[in-house]
Amino acid sequence: MQRIAKCPFVDDKPTCAKCPIHCYKPDMRERVRRVMRYAGPRMMLYHPILTFWHYYDEISRKKMDRQRAIERMRANVNRSPQED
């Protein structure tokens with residue numbers, strides 16, 4: 001919980017697999033990956049609503065990332081050469 005409390009993303013925290021900043025050492029990340037490979041499919045059986053929100057968050061985050069990339073690209077195209 002300390003790592004989450006110190007996370008610079010706080011409210012906008014992506015899942016650890018998608019996070020640009022890795023809080024854990026590579027061996028611990030591999031352990032978490034193995035646990036999630038086991039627990040992920042079972043999550044639907046035990047917590048279907050939480051599973052839905054987890055995937056909804058993942059999909060909506062992808063859409064937001066795509067929109068930000070498009071906006072950045074448009075801003076670069078619309079920028080005049082004198083601004084460089």
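Within the set Ile21, Ile59, Ile49, the sole residue that is in contact with a Cys (Cβ under 9 Å, 6 or more places away or on another chain) and of a type in the set (A, V, I, L, M, F, W, C) turns out to be Ile21. Any residue in the stretch 28-53 that's without any contact (Cβ under 8 Å) to a residue 60 or more places away in the chain: show its pairings with residues that are among the β-branched types (Val, Ile, Thr) and surrounded by 11 or more Cβ atoms within 10 Å (Cβ to Cβ) at Cβ separation under 8 Å, as long as the two are six or more apart or on different chains. So the pair list comes out as Met43/Thr51; Met44/Thr51.
If the condition is being assigned to a helix (DSSP H, G or I) and hydroxyl-bearing (Ser, Thr, Tyr), then the stretch 50-81 contributes Thr51, Tyr55, Tyr56, Ser60. Within the stretch 21-56, the set of residues being under 24 Å from Pro8 (Cβ atoms) and among the hydroxyl-bearing types (Ser, Thr, Tyr) comprises Tyr24, Tyr56.
Residues in the stretch 18-49 that are part of a helix (DSSP H, G or I) and touching a helix residue (DSSP H, G or I) at 6+ places or on another chain (Cβ under 7 Å): Val32, Met43, Met44.
We did not get these values from a lab; they are worked out from the coordinates using the rules stated. Remember, predicted model here, so these are calculated numbers, not experimental data. Quick reminder, even Gly has a Cβ in these numbers, built from the backbone with ideal geometry, and neighbours come from all protein chains shown.
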